[in-house]
Every structure is written in C-alpha cells, then in structure tokens.
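The values are calculated or read from the model by the stated rules, or taken from the named source; none is laboratory data. All values derive from a computational prediction rather than experimental measurement. All Cβ positions, even for glycine, are placed from backbone atoms using ideal geometry, and neighbour counts span all protein chains on display. Just the protein is used for accessible areas: all its heavy atoms, side chains included, with ligands, DNA and RNA removed. Shrake-Rupley method; radii C 1.70, N 1.55, O 1.52, S 1.80 Å.
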Amino acid sequence: MFIQNPDFIGVTFQERAISDAARLTGRSKNEIDGECSMKGSYFDKQVTCGMRRVQGNKITDTVLLEYRVMFDTIMSFNDIRENLE
C-alpha cells in the first residue's frame with residue numbers, strides 16, 4: 001500500500017493531538033493549542049505533542065501526548081495531564 005502523506009492518519013497529528021487533549025481535559029477543541037515533533041522513520045516513528053489550554057491569556061491545562069506509529073497505525077498512546085487552575 002502506498003501512502004502519499006505518511007504524517008496523515010486520517011488527520012494530521014496536530015489535529016489529532018488537539019482532539020485528544022480536548023477529550024482528556026473535557027474542553028472545547030478551539031481552546032487547545034500546541035506543537036508536535038516526530039522522530040524516527042516512515043515505518044516506525046515516535047510523535048510527541050505538547051498541548052496547552054489557554055483561557056483569558058492564562059495557561060490552565062497542559063497535556064503531553066506521545067504516540068508510537070508504525071506505517072499508518074497508532075500502536076501506542078500515552079498522556080500526561082496537568083491542571084494549573
């Protein structure tokens with residue numbers, strides 16, 4: 001199977017991380033922001049996303065998401081959440 005964009009798994013990792021962080025914090029997706037970085041090869045990579053929820057110019061939640069991806073399948077998912085309120 002040929003995959004045109006190996007960084008897409010139905011959605012980009014940025015979109016996936018925003019959705020996962022919103023679900024974990026019980027908040028709206030439009031309140032979540034952050035960045036993702038990838039290490040590894042197309043076949044086996046580690047994706048780490050540092051996400052945060054901002055409300056009124058104040059960071060209220062931080063979420064670290066780690067995905068292990070083989071080809072186009074997420075093999076494992078870990079998260080660490082911190083509430084700063």
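Got at least one residue in segment 12-31 being over 25 Å from residue 83 (Cα atoms) and either modelled with pLDDT of 90 or more or surrounded by fewer than 12 Cβ atoms within 10 Å (Cβ to Cβ) (or both)?
From segment 12-31, those over 25 Å from residue 83 (Cα atoms) are 12; that's our starting set.
Checking the rest, the ones that are also either modelled with pLDDT of 90 or more or surrounded by fewer than 12 Cβ atoms within 10 Å (Cβ to Cβ) (or both) come to none.
No, segment 12-31 contains no residue that is over 25 Å from residue 83 (Cα atoms) and either modelled with pLDDT of 90 or more or surrounded by fewer than 12 Cβ atoms within 10 Å (Cβ to Cβ) (or both).
Working only within segment 24-37, note down all residues that are in contact with a helix residue (DSSP H, G or I) (Cβ under 9 Å, 6 or more places away or on another chain) and of a type outside the set (Ser, Thr, Tyr). Walk me through how you get there before you give the answer.
So in segment 24-37, the residues in contact with a helix residue (DSSP H, G or I) (Cβ under 9 Å, 6 or more places away or on another chain) come out as 25, 27-36.
The answer is 27, 29, 30, 31, 32, 33, 34, 35, 36.
Is there a residue in segment 71-83 that is touching a Lys or Arg at 6+ places or on another chain (Cβ under 6 Å), open to solvent by 80 Å² or more (accessible area, probe 1.4 Å) and on the phi < 0 side of the Ramachandran plot?
Keep residues of segment 71-83 that are touching a Lys or Arg at 6+ places or on another chain (Cβ under 6 Å), which gives 75-76.
Cutting the leftovers down to open to solvent by 80 Å² or more (accessible area, probe 1.4 Å) gives us 75.
With the extra rule that they be on the phi < 0 side of the Ramachandran plot, the set shrinks to 75.
Yes, because at least one residue in segment 71-83 is touching a Lys or Arg at 6+ places or on another chain (Cβ under 6 Å), open to solvent by 80 Å² or more (accessible area, probe 1.4 Å) and on the phi < 0 side of the Ramachandran plot.
If you check residue 62 against the conditions, is it touching a residue at least 40 places away in the same chain (Cβ under 8 Å) and touching an Asp or Glu at 6+ places or on another chain (Cβ under 6 Å)?
Working: touching a residue at least 40 places away in the same chain (Cβ under 8 Å): no; touching an Asp or Glu at 6+ places or on another chain (Cβ under 6 Å): yes.
No.
Say we look at segment 45-70 and pick out the residues that are at pLDDT 90 or above and either open to solvent by 50 Å² or more (accessible area, probe 1.4 Å) or outside any strand (DSSP E or B) (or both); which of these is nearest to residue 25 (Cα to Cα)?
Per the criteria, the residue is 52.
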